[in-house]
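Participant: Encoded as C-alpha cells, here's the structure I'll be asking about.
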Amino acid sequence: MGERIILITGAASGIGAAAARKLAQSGDRFLLHTRANLDGLNRVAEQVRSKGATAETELKDLGEPGAGQYLIEACVERFGGLDILVANAGYADKAPLGEAGTEKFEQAQNAISRSFFEMAEVALPLLQASARGRVVAVGAFGPHVWRTDLPAFPATAAAKASLEATARALALTLAPSGATVNVVAPGFIEKDPGTHSAMTPQGVAALSARIPMGRRGTAHEVAAVIGFLASGEASYVTGQVIHVNGGLI
C-alpha cells in the first residue's frame, strides 16, 4: 500500500507524467506540478487517481524566485509533509556558445538549478523526519557527453551540472537519516505521442544512428529507474548519477 506524500515537478507530460504513473499506489497523496500545461496535468492526475491515490495540481513557473520553496510549502499545507520528491521540471536549450548569451544561462539556472536548491533546503527537515525519504532529480546527458556530432546544450548542461552538485550535497546531509538522493540522467527521449517535435523523421533517424542502441529512449524507461530509486529497494543507493541513455559516451 502507498500512503506516501509525493511531489513531482514537470508532471504534465513526458518523464514526469510517466513517473507519476509508475509511482502511484493506493493511498498515496500526490502534488503534481507544471508551469502551464494544465490540461496535460489534469489528465495525469486522473491517471494517478485511477490507481487509488489522491492527486492535486499546482501551476508555477520554477524560473521565478521562491517557486521551489512555494511548492514544498504547498505540499506540506495540503498533505502535512513530504516523503518523495521527483524534481523533473526543466527544458532543453540548444543555443550554442556565442549565441546563447547570459540570458539563456540565467533562465536555465533559475528554472533548473536554483529551484532545486530551494526545494532541497526547504525539504531537508521533512525528508529527515520521513521514514522513507527519497529525492530523485532528473538531470541530463549534457554535463557528461561532449561530442561534435551531438548538440551540446551548454546553458542547460551547466544548470544540470549544478543540479547534480546540489543533489550530492543533499545526499551527504541526509545520509544519516536514511533518506536517499540520486540523479537520473536521460539521453535522447521520445516525445509523448501527439506532441510537437522539432525533429523530422530523417532527423530522428540520423540521431538514432549516433546512439549505440540505435534508438531514442522512452519516458517509461526513465520512469522505471525513478521508480526503483524512490522505492524501499534502493535504500543503500544514494549520491549517484544513473544514466538512462542507450550507451551514449
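Participant: Please enumerate the residues belonging to the stretch 148-199 that are without any contact (Cβ under 8 Å) to a residue 40 or more places away in the chain, more than 23 Å from Ser115 (Cβ to Cβ) and either of a type in the set (Gly, Ala, Ser) or not in a helix (DSSP H, G or I) (or both).
Facilitator: Thr148, Glu190, Pro193, Gly194, His196, Ser197, Ala198, Met199
Participant: Output the number of residues of the stretch 25-36 satisfying the condition of being open to solvent by 10 Å² or more (accessible area, probe 1.4 Å), part of a loop (DSSP other than H, G, I, E, B) and either touching a helix residue (DSSP H, G or I) at 6+ places or on another chain (Cβ under 9 Å) or under 15 Å from Leu82 (Cα atoms) (or both).
Facilitator: Final tally of qualifying residues: 2.
Participant: Does any residue in the stretch 19-30 that is at positive phi and of a type outside the set (Asp, Glu) come within less than 6 Å, Cβ to Cβ, of a residue that is open to solvent by 10 Å² or more (accessible area, probe 1.4 Å) and modelled with pLDDT of 95 or more six or more places away or on a different chain, and which pairs are these?
Facilitator: none
Participant: Then there is this: Which of the residues that make up the stretch 215-249 are at pLDDT 95 or above and touching a Gly at 6+ places or on another chain (Cβ under 8 Å)?
Facilitator: Step one: of the stretch 215-249, the residues at pLDDT 95 or above are 215-247.
Within the stretch 215-249, Arg215, Arg216, Gly217, Ala219, Ser235, Val241, His243, Val244, Asn245, Gly246 qualify.
Participant: Name the one entry in Phe105, Phe116, Phe79 that is crowded, with 18+ Cβ neighbours inside 10 Å, within 16 Å of the chain's Cα centre (by Cα) and among the hydrophobic types (A, V, I, L, M, F, W, C). Spell out how you get there, then give the answer.
Facilitator: Numbers: Phe105 fails: within 16 Å of the chain's Cα centre (by Cα); Phe79 fails: within 16 Å of the chain's Cα centre (by Cα).
Only one candidate passes the filter, namely Phe116.
Participant: Being part of a helix (DSSP H, G or I), surrounded by 12 or more Cβ atoms within 10 Å (Cβ to Cβ) and either small (Gly, Ala, Ser) or in contact with a Leu (Cβ under 6 Å, 6 or more places away or on another chain) (or both) is the filter here; which residues of the stretch 206-232 pass it? Let's see the steps before the verdict.
Facilitator: The initial filter retains those residues of the stretch 206-232 that are part of a helix (DSSP H, G or I), namely 206-208, 219-229, 232.
If we keep only those that are surrounded by 12 or more Cβ atoms within 10 Å (Cβ to Cβ) too, we end up with 206-208, 219-229.
Across the stretch 206-232, the qualifying residues are Ala206, Ser208, Ala219, Ala223, Ala224, Gly227.
Participant: Which residues, counting only those in the stretch 105-134, are under 16 Å from Glu73 (Cα atoms) and not in a helix (DSSP H, G or I)?
Facilitator: Matches in the stretch 105-134: Ser130 only.
Participant: OK, next. Going by what's in this entry, would Asp149 be described as closer than 29 Å to Asp28 by Cα and of a type in the set (D, E, K, R)?
Facilitator: When the stated conditions are applied, Asp149 does not pass them.
Participant: Which of the residues spanning the stretch 233-249 are outside any loop (DSSP other than H, G, I, E, B) and open to solvent by 40 Å² or more (accessible area, probe 1.4 Å)? Before the answer, list the steps.
Facilitator: Kept after step one, since they are outside any loop (DSSP other than H, G, I, E, B), are these residues of the stretch 233-249: 233-234, 241-244.
Matches in the stretch 233-249: Glu233, Ile242, His243.
Participant: Is one or more of the residues making up the stretch 49-60 under 16 Å from the mean Cα position of the chain (by Cα), more than 18 Å from Ala24 (Cα to Cα), at pLDDT 95 or above and in a loop (DSSP other than H, G, I, E, B)?
Facilitator: Yes, the stretch 49-60 contains at least one residue that is under 16 Å from the mean Cα position of the chain (by Cα), more than 18 Å from Ala24 (Cα to Cα), at pLDDT 95 or above and in a loop (DSSP other than H, G, I, E, B).
Participant: Give all pairs with beta carbons closer than 6 Å in which a residue from the stretch 109-126 that is under 20 Å from Pro143 (Cβ atoms) meets a residue that is modelled with pLDDT under 95 and open to solvent by 40 Å² or more (accessible area, probe 1.4 Å); count only pairs at least 6 apart in sequence or on separate chains.
Facilitator: Note: pairs meeting the criteria are Ile112/Gly90.
Participant: If a residue has to be more than 18 Å from Leu127 (Cβ to Cβ) and either within 14 Å of the chain's Cα centre (by Cα) or surrounded by 22 or more Cβ atoms within 10 Å (Cβ to Cβ) (or both) to count, how many in the stretch 1-20 make the cut?
Facilitator: We begin by selecting, within the stretch 1-20, every residue more than 18 Å from Leu127 (Cβ to Cβ); these are 1, 10-18, 20.
Next, from what is left, pick out any that are either within 14 Å of the chain's Cα centre (by Cα) or surrounded by 22 or more Cβ atoms within 10 Å (Cβ to Cβ) (or both): 10-18, 20.
Result for the stretch 1-20: 10.
The values are calculated or read from the model by the stated rules, or taken from the named source; none is laboratory data. As the structure is a prediction and not an experimental result, all values here were calculated from the model. Using ideal geometry, Cβ is built from the backbone for each residue, glycine included, and neighbour counts are taken over all protein chains shown. For the accessible areas, the whole protein counts, side chains as well, though only heavy atoms, and no ligand, DNA or RNA atoms are used. Shrake-Rupley method; radii C 1.70, N 1.55, O 1.52, S 1.80 Å.
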